[in-house]
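Novice: Below is one structure. I have some questions about it.
The values are calculated or read from the model by the stated rules, or taken from the named source; none is laboratory data. All figures in this text were calculated on a predicted structure; none of them were measured in a lab. With ideal geometry, Cβ positions are generated from the backbone for all residues, glycine too; neighbour counts draw on all protein chains shown.
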Amino acid sequence: MSERIDIFISSLGGGGAERVCVTIVNGLINLGYDVRLVVLGLKDNDYKKHLNDKVTFKNLNKNHSRKAIFSIYKYCKKECPQKILVFNHQLAIILMILKFFMRNELKVVSRNINTLSMKSKKEKSLWHKYIVNIIIKKLYKNVDMVIAQSIGMKEDLVSNYNFPKEKVVVINNPVNQIFEEKTNLKLETISESQNGKEILFVGRLVEQKGLSYLIEAFQMSLKTIPDLTLRIVGDGPLESSLKKEIKKLGMEDSVIFTGFSNDIKRYYLNTNLTVLSSLFEGFPNVLIESISLGTPVVAFDCPSGPSEIIIDDINGYLSEYLNTTDLSTKINKALNKTWDINKIKESGRRFSSEYVVKKYAKELGRV
């Protein structure tokens, strides 16, 4: 009988955690695991179609973890999971509380998705900033294991959330299989900005991504490289205000808002440079996706992840944190450099899905 693992995640929407989840699910199935995937809700299900047909799928039809407590309890009582991998720290805490009341031997492994102390500082909701953070500090460390995506994230959990070091394992994010497949896409698949040079942003349009810093740096670079275009792939609550900011600066002809895309691979392939201006991250998938396709990257040296991915002059450049002048300088430097595409791709081999999934399997086997 194959080893069973139950995996919990909030949704299969168009985010980095969801892409990683699908990669891990499919990889574990390929290794012979019996995988049961439990999703809170499918309001957004952009990645469901990428799941292996062998996965056992369960939708709890809930739109928030707090509303799913009873449904999670019923699932655990009926299905009797022995080991659960969770892609959400709130769900991990709920499972730990239910484990206490059910008095069973359930093992909970949580994949930590962000640098929690930074996320807490940026919270505007008093409930999340104080109450939720206290609950996290009290209960989260009771999980059986945490998988941190970067060394910086592990240090944050140990220093700020009193996690025992031995409970935190660092496993970098894998590159999704779609970025590892060979492609025949040509440059002409994107024609709007091929007359000049283009830089690319991929991600949610939220405060965490620091897009105002990127726009400021782009404005500086535009003075040196007049035919430069910034393409923004993604959607989010800041879209309207960002468009107003760009129009106010007179740059609407130099910035392309593409919106959310299920096919972002072609954008990486057809740009000169991918830029990350985040205030904080866990482990930015955007950077590893870009370098896996041979496209160089520039990123703020934010907590955490970019410094563990970027190798200066090999696959990109790190920029001083929140320094827009330095970000613009590094963008210009990257655009004027002749890159060795094979070296860029080689720097991303350590994030291959096969390698990372085997590390997950090894650590899950220890719990």
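Novice: Just one of 70, 57 is surrounded by fewer than 16 Cβ atoms within 10 Å (Cβ to Cβ), hydrophobic (A, V, I, L, M, F, W, C) and over 25 Å from residue 261 (Cα atoms); which is it?
Specialist: Going through 70, 57 in turn, the sole match is 70.
Novice: Taking the range 4-23 as the region of interest, how many residues are assigned to a loop (DSSP other than H, G, I, E, B) and either over 23 Å from residue 82 (Cβ atoms) or assigned by TED's automatic domain parsing to the domain that holds residue 283 (or both)?
Specialist: Within the range 4-23, residues that are assigned to a loop (DSSP other than H, G, I, E, B) and either over 23 Å from residue 82 (Cβ atoms) or assigned by TED's automatic domain parsing to the domain that holds residue 283 (or both) number 5.
Novice: Of the residues in the range 128-168, how many are of a type in the set (Phe, Trp, Tyr), in contact with a strand residue (DSSP E or B) (Cβ under 9 Å, 6 or more places away or on another chain) and outside any loop (DSSP other than H, G, I, E, B)?
Specialist: 1
Novice: From the list 312, 263, 301, exactly one residue is surrounded by fewer than 22 Cβ atoms within 10 Å (Cβ to Cβ) and either under 13 Å from residue 203 (Cβ atoms) or modelled with pLDDT under 95 (or both). Which is it?
Specialist: After applying the criteria, what remains is 263.
Novice: Then there is this: So which residues in the range 317-342 are of a type in the set (Val, Ile, Thr) and in contact (Cβ under 8 Å) with a residue 24 or more places away in the chain? Steps first, please.
Specialist: The first filter runs over the range 317-342 and keeps only residues of a type in the set (Val, Ile, Thr), leaving 324-325, 329, 331, 338, 341.
Passing the criteria: 324, 325, 331, 341.
Novice: Same structure, new question: So the check is Cβ under 8 Å with 6+ separation or different chains; which pairs have a first residue in the range 220-247 that's in contact (Cβ under 8 Å) with a residue 60 or more places away in the chain and a second one that's surrounded by fewer than 13 Cβ atoms within 10 Å (Cβ to Cβ)?
Specialist: Within 8 Å, the pairs are 220/325; 225/196; 228/196.
Novice: Out of (1) closer than 28 Å to residue 103 by Cβ; (2) touching a Ser or Thr at 6+ places or on another chain (Cβ under 6 Å), the odd one out for residue 32 is which?
Specialist: Against the list (1) closer than 28 Å to residue 103 by Cβ; (2) touching a Ser or Thr at 6+ places or on another chain (Cβ under 6 Å), residue 32 comes up short only on (1).
Novice: Could you tell me whether residue 344 is surrounded by fewer than 23 Cβ atoms within 10 Å (Cβ to Cβ), out of contact with any Lys or Arg (no Cβ under 6 Å at 6 or more places or on another chain), β-branched (Val, Ile, Thr) and not in a loop (DSSP other than H, G, I, E, B)?
Specialist: yes
Results for (1) modelled with pLDDT under 75; (2) basic (Lys, Arg); (3) surrounded by fewer than 18 Cβ atoms within 10 Å (Cβ to Cβ), shown as yes or no for each residue.
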{"site": "134", "(1), (2), (3)": "no, no, yes"}
{"site": "150", "(1), (2), (3)": "no, no, no"}
{"site": "162", "(1), (2), (3)": "no, no, yes"}
{"site": "165", "(1), (2), (3)": "no, yes, yes"}
{"site": "176", "(1), (2), (3)": "no, no, no"}
{"site": "190", "(1), (2), (3)": "yes, no, no"}
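Novice: For residue 35, state whether it is modelled with pLDDT of 95 or more, outside any loop (DSSP other than H, G, I, E, B) and surrounded by 22 or more Cβ atoms within 10 Å (Cβ to Cβ). Steps first, please.
Specialist: Working: modelled with pLDDT of 95 or more: yes; outside any loop (DSSP other than H, G, I, E, B): yes; surrounded by 22 or more Cβ atoms within 10 Å (Cβ to Cβ): yes.
Criteria met by residue 35.
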